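Structure record follows, encoded as structure tokens.
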Amino acid sequence: MKLWGGRFEKNTDKLVEQYTSSLNWDKRLYQYDIRGSLAHVAMLAKCGIITDDEAEKIRDGLNQIFREIKDNQFVFDPSDEDIHMSIERALIEKVGPSGGKLHTARSRNDQVVLDERMYLKDEITDIINSLLNLQEIIFSASEDKKEIILPGYTHLQRAQPVLLAHHLMAYFFMFQRDIERLVCCYKRTDVMPLGSAALAGTSFPIDREFVARQLGFSKISENSMDSVSDRDFIVEFISAVSLVMVHLSKLSEEIILWSSSEFQFVEVDDAYATGSSIMPQKKNADVAELVRSKTGKVFGNLVSLLTTLKALPLAYNRDLQEDKENLFGAVDTVKISLQVFCGMLKTLKFNSEKMKKAAENSFVNATDLADYLVLKGLPFRQAHEVVGRLVKLCLDKNCKLNDLSLEEMQSHSHLIDEKVFDVLLIGNCVESKISDGGTSSKSLEKQFVQSREFLEETKKWVEGKRKT
Ligand code: ARG
């Protein structure tokens, strides 16, 4: 008989049992479920709701079940609806009727969201740690390759020269904001819901603060109906990791482009590339392509959960059970993607010659020439016009700006003198961008200082969370 079977006259239809079960998914919450139950039972005994003797028995039973599940010895009964029922049934089988006292002043409605919050706190910490690892890879590649110059692009057209380090550090700051979002999300996840019971709270003299302290939560939830029925902390999480995936997919796209024969800016390590079953010459950046594609799966998780929550009346509804596929799906996809991406990036080879050539064989210094004329007193709009005509001249002659003679340039503006050739050097173009956040090495050093501070602080945050 079901643990809730008292008012039923018939057994549940088998197909209904299958359809309503979440056991296959929520099994993975078992350790949190048991830790939550241990804290709950300690509280029940402390508040005199059950005896110390009963608490002892329940504790022993729960610890045994924990070991059995961990060692793969536990027999899951498919007719159990979920992990909470499986554990409670096993407990009663092991310790007898006093096992049935565990569920006093508690409902699966507050129990499941407690488990999810405990689980997610750990996963957020892990994901932040992986993001830190990724940032360190980006940071050391940038520090290492400070002199490499490539064209910066807009509309995927060569625009202005930049340092490769500056380009890479752009991603450092994207991932920094991702971490900051996850830290915020952690705060809102770190709220203890147990004691909300089914929806209304409980008449037993419980101590919710005690349970929160036992389980390392910063605070307890304020409203029992809210705490059993909202999953906005999961939406926030999936939305934060959706942005992680957006950022990974942008860098993936660049790696795919940059490793093409047309660019040849990078080469993916053999261990992170795959071949073709028919074309012997092929070496494909499949990891980057799959990261790009899996990004969509995480968006799917987000939209799916939002749709589940939309217009749900208070309080708990069974619809909420479907949150787990999306939560676990997003966690799994982002974790594995980060892990494999870090390996790929760490072993990526950058081709500085190709990058430099691409910058030199282009008009990426055109804006610098216009700025030079502006410094000589010409309004920017006119300077733009002059340089535009010089570019046109180069296109007709099939050469670069640096290849024009001083006379050719002066025929378009008498303001130009021989210093122009220095201005047109790609390295000088880069180093002239001294504005805060610009691409000169001087501005880049400031980015490095900020980044080092962020890495230090965030590592401390992770260590702090790991201790609790
Ligand atoms: N398996 C359920 C879930 O994941 C647990 C709560 C079920 N509560 C209920 N009254 N049926 O949401």
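The values are calculated or read from the model by the stated rules, or taken from the named source; none is laboratory data. Keep in mind it's a predicted model, so treat the numbers as computed, not measured. When we count neighbours, we look across all protein chains shown, and the Cβ atoms used for this are built from the backbone with ideal geometry, even at glycine.
Computed values, structure above
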read-out: Options Leu390, Leu369, Leu375; residue that is more than 41 Å from the chain's Cα centre (by Cα) and touching a residue at least 40 places away in the same chain (Cβ under 8 Å); value: Leu369
read-out: All positions within the stretch 167-194 that are closer than 30 Å to Arg106 by Cα, in a helix (DSSP H, G or I) and among the β-branched types (Val, Ile, Thr); value: Val183, Thr189
read-out: Yes/no for Val374 being within 26 Å of Lys446 (Cβ to Cβ), in contact with a helix residue (DSSP H, G or I) (Cβ under 6 Å, 6 or more places away or on another chain) and part of a helix (DSSP H, G or I); value: yes
read-out: Those residues of the stretch 62-92 which are within 17 Å of Ser107 (Cα to Cα) and not charged (D, E, K, R), in sequence order; value: Ile83, His84, Met85, Ser86, Ile87, Leu91, Ile92
read-out: Filter result for Gln31 (in contact (Cβ under 8 Å) with a residue 12 or more places away in the chain, closer than 26 Å to Gly329 by Cα and in contact with a His (Cβ under 6 Å, 6 or more places away or on another chain)); value: no
read-out: Verdict on Asp115 being in contact with a Pro (Cβ under 7 Å, 6 or more places away or on another chain) and within 14 Å of the ligand (Cβ to nearest atom); value: no
read-out: Residue check, Arg177 under 28 Å from Ser140 (Cα atoms), surrounded by fewer than 17 Cβ atoms within 10 Å (Cβ to Cβ) and of a type outside the set (Phe, Trp, Tyr); value: yes
read-out: Qualifying residue in the stretch 22-37 (condition: of a type in the set (A, V, I, L, M, F, W, C), away from the ligand (no atom under 16 Å from the Cβ) and part of a helix (DSSP H, G or I)); value: no
read-out: Among residues of the stretch 28-58, those that are in contact with a helix residue (DSSP H, G or I) (Cβ under 6 Å, 6 or more places away or on another chain) and farther than 20 Å from Asn109 by Cβ, counted; value: 7
read-out: Where a residue in the stretch 301-329 is farther than 24 Å from Ile127 by Cα and its partner, wherever it lies, is among the acidic types (Asp, Glu) and away from the ligand (no atom under 15 Å from the Cβ), with Cβ under 9 Å and at least six apart; value: Leu309/Asp232; Leu314/Asp226; Ala315/Asp226
read-out: In the stretch 214-252, the residues that are out of contact with any helix residue (DSSP H, G or I) (no Cβ under 9 Å at 6 or more places or on another chain) and assigned to a helix (DSSP H, G or I); value: Met225, Asp226
read-out: Which numbered condition Met85 misses (of (1) among the hydrophobic types (A, V, I, L, M, F, W, C); (2) under 19 Å from Lys2 (Cβ atoms); (3) away from the ligand (no atom under 16 Å from the Cβ); (4) touching a Lys or Arg at 6+ places or on another chain (Cβ under 9 Å)); value: (3)
read-out: Residues within the stretch 302-345 that are away from the ligand (no atom under 16 Å from the Cβ), farther than 23 Å from Leu132 by Cβ and of a type outside the set (Val, Ile, Thr), tallied; value: 4
read-out: Residues within the stretch 65-97 that are hydroxyl-bearing (Ser, Thr, Tyr) and at pLDDT 95 or above, tallied; value: 1
read-out: Candidates Leu406, Leu390 - the one that is at negative phi and surrounded by 14 or more Cβ atoms within 10 Å (Cβ to Cβ); value: Leu390
read-out: Residue check, Ile234 of a type in the set (A, V, I, L, M), crowded, with 17+ Cβ neighbours inside 10 Å, in contact with a Leu (Cβ under 6 Å, 6 or more places away or on another chain) and farther than 30 Å from Leu348 by Cβ; value: yes
read-out: Leu62 vs. criteria out of contact with any His (no Cβ under 9 Å at 6 or more places or on another chain) and under 20 Å from Val331 (Cβ atoms); value: no
read-out: Those residues of the stretch 307-359 which are aliphatic (A, V, I, L, M) and not in a helix (DSSP H, G or I), in sequence order; value: Ala311, Leu312, Leu314, Ala315, Leu348
